[in-house]
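**Q** Please see the structure below; I have some questions.
The values are calculated or read from the model by the stated rules, or taken from the named source; none is laboratory data. No experiment lies behind these values; they were computed from the predicted model shown. Here the Cβ positions follow ideal geometry from the backbone for every residue, glycine too, while neighbour counts run over all protein chains shown. SASA here: full protein model, heavy atoms, side chains in, ligands and nucleic acids out. Shrake-Rupley method; radii C 1.70, N 1.55, O 1.52, S 1.80 Å.
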Amino acid sequence: MKIARLPLAKLTTIGVGGEAEVWTVETLDDLKTATQAPYRVLGNGSNLLVSDAGVPERVIRLAGEFAEWRPDLAGWVGAGVLLPTLLQASARLGLSGLEGLHGVPAQVGGAVKMNAGTRFGEMADALELVELYHDGGLQVYHPSELGFRYRHSELPQGSIVTRVKLRLTPSTQEAVRAKIALVDAARKGQPKKKSAGCAFKNPPGDSAGRLIDVSGLKGTTIGRAMISLEHGNFLVNLGGATAAEMYALIRKVQAVLPLEVEWDIWGEIAPAETEVSR
Ligand code: FAD
Ligand code: EPU
């Protein structure tokens, strides 16, 4: 186990956030020790906005036995494994089930917690069993017990996803790659700048990005944080943005549109009052 004070800006895709004590756990014993005080779990940091002051809780990262997987994708897959790694393997093996998650830069655990996905499929669809650590021990659940909906799960309080068994069906390399190409095409309009993916959930039957677009908010900039010109639901870090600036953009959108935030927000963030430009 490693324990270090680290800037979370370096561990999140949006590149924002102050320091925390990061506990990198490799075994069940490590996990038991790390969870003896208040904690949060970090996956790949791709859906997180962390306060500029960081967070006081321990931040747990999964490594060692929680990042193991078999090249044939049979058996248990560690929650610390990256989805893009599994996607590549499933395409090579001609196994279908993960294609809808192409382009989601998550760890398995973060993808389960958020029920990450696209309109081509979501994480819950690809799960046979989920192993969770909570209340001092490991428990195995069927996905139907975990309240999965659009970008939502109901894991027992304090749960850490430790491993999953995937539900994949034999197909061909060509068919799997063709479906991945379809998802890739649907993502073409998404910006490459630093972000945490879509900032808001889609309201039923509509797209938050489209609503932000027609409201004329694209291009709004607060400090170094900007509503992408490419896709209205991506709030991007132009380099050196603060959490306060990113959060001020969220409030700016919510002043006009009643959208629910998709990002997980860690710590207290007061919106920046920097001048707005477009
Ligand atoms: P983190 O961001 O690290 O954490 C997110 C939440 O999950 C936190 O509450 C955290 O505590 C919890 N968590 C993480 N690991 C565990 C664990 N092992 N056990 C319990 N809880 C855990 N999302 C989509 O759904 N669809 C998309 O198409 C999509 N596209 C994206 C594109 C880009 C460029 C980016 C940057 C993000 C995108 N996202 C998308 C958002 C993001 O990838 C997902 O929400 C993803 O599920 C987050 O996973 P993570 O491992 O990065 O989790
Ligand atoms: N649109 C606009 N202007 C914009 C953005 C979108 O008019 O600025 C229009 C598009 O032209 C399209 C419609 O809105 O007609 C839907 O857009 P898109 O296909 O980009 O899908 P989305 O609903 O905006 C969702 C997910 C993404 C996922 C894509 C691909 C949510 C909140 N977003 O976006 O997920 O990658 O579909 O399937 O569900 C995420 O959750 O972080 C995320 C990136």
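**Q** Just tell me the longest site-free run in the chain, where the sites are GluC sites (Glu not before Pro) in a DSSP loop having at most 15 other beta-carbon atoms within 10 Å.
**A** With GluC sites (Glu not before Pro) excluded where exposed in loops, the chain gives 69-153 as its longest stretch.
**Q** Can you give the relative contact order of the chain as a percent, counting alpha carbon pairs under 8 Å and 6+ residues apart?
**A** Here the relative contact order equals 18 percent.
**Q** Hey, any idea what % of segment 195-266's accessible area is carbon plus sulfur with a 1.4 Å probe?
**A** Of the solvent-accessible surface of segment 195-266, carbon and sulfur hold 51 percent.
**Q** Then there's this: With a ≥ b ≥ c the root eigenvalues of the C-alpha gyration tensor of segment 214-278, is it rounded (a/c under 1.5), prolate (a/b larger than b/c) or oblate?
**A** In terms of gyration-tensor shape, rounded.
**Q** Next question. For A196, what is the net charge nearby, where nearby means another residue's Cβ is under 11 Å from its Cβ and Lys, Arg count +1, Asp, Glu -1?
**A** Neighbourhood net charge equals -1.
**Q** Turning to a different aspect of this structure: So for the chain, taking the charge dipole from beta-carbon charges (+1 Lys/Arg, -1 Asp/Glu), which of Q254, A244, V183 sits furthest toward the positive end?
**A** V183
**Q** Nearest 20 debye, what's the magnitude of the dipole of the chain about its Cα centre given +1 on Lys and Arg Cβ and -1 on Asp and Glu Cβ?
**A** For the chain, the charge dipole is close to 780 debye.
**Q** Where only protein heavy atoms count, and the probe is 1.4 Å, what is the accessible area per residue for the chain in Å²?
**A** I get 46 Å² per residue for this part.
**Q** Once you've got the GNM for the chain with C-alpha springs shorter than 10 Å, pick whichever of A116, A20, A199 has the biggest mean-square fluctuation.
**A** Fluctuation is largest for A20.
**Q** Now a separate question. Applying the Karplus parametrisation 6.51 cos²θ - 1.76 cosθ + 1.60 with θ = phi - 60° to the phi angles of segment 83-91, what ³J(HN,Hα) value in whole Hz is obtained for each residue in order, glycine and proline being reported as x?
**A** Calculated HN-Hα couplings, in order: 4, x, 5, 5, 4, 4, 5, 5, 5 Hz.
**Q** Quick one: grab the alpha carbon gyration tensor of the chain, order the square roots of its eigenvalues as a ≥ b ≥ c, and give me rounded if a/c is under 1.5, else prolate or oblate depending on whether a/b is larger than b/c.
**A** It is oblate, given that a/c is not under 1.5 and a/b is not larger than b/c.
**Q** What pairs in K113/K179; K10/K218; K10/K194; K10/K188; K2/K192 have C-alpha atoms more than 21 Å from each other?
**A** Result: K113/K179; K10/K218; K10/K188; K2/K192 exceed 21 Å.
**Q** Enumerate the residues in segment 5-34 having an amide nitrogen under 13 Å from the point lying 7 Å beyond the Cα of A53 toward its Cβ.
**A** The answer is 18-19, whose backbone nitrogens lie closer than 13 Å to the label point.
**Q** Then there's this: Taking loop as defined by DSSP and a crowding limit of 12 other beta carbons within 10 Å, which chymotrypsin sites (Phe, Trp or Tyr not before Pro) in segment 126-200 fit?
**A** The qualifying sites are Y150.
**Q** Count neighbours as other Cβ atoms within 10 Å of each site's Cβ, and list the trypsin sites (Lys or Arg not before Pro) in segment 132-184 that are DSSP loop with at most 15 such neighbours.
**A** The qualifying sites are R167.
**Q** Right, next: Roughly to the nearest percent, how much of the accessible area of segment 1-101 is carbon and sulfur, given a 1.4 Å probe?
**A** On segment 1-101, the fraction of accessible area on carbon and sulfur atoms equals 51 percent.
**Q** Full extension from A185 to A4: what is 0.36 nm times the residue separation minus their Cα-Cα distance, to one decimal in nm?
**A** 61.1 nm
**Q** Oh, and also: Tell me the accessible surface of L62 in square angstrom (1.4 angstrom probe, heavy atoms of protein chains only), to the nearest ten.
**A** For L62, solvent-accessible area is about 20 Å².
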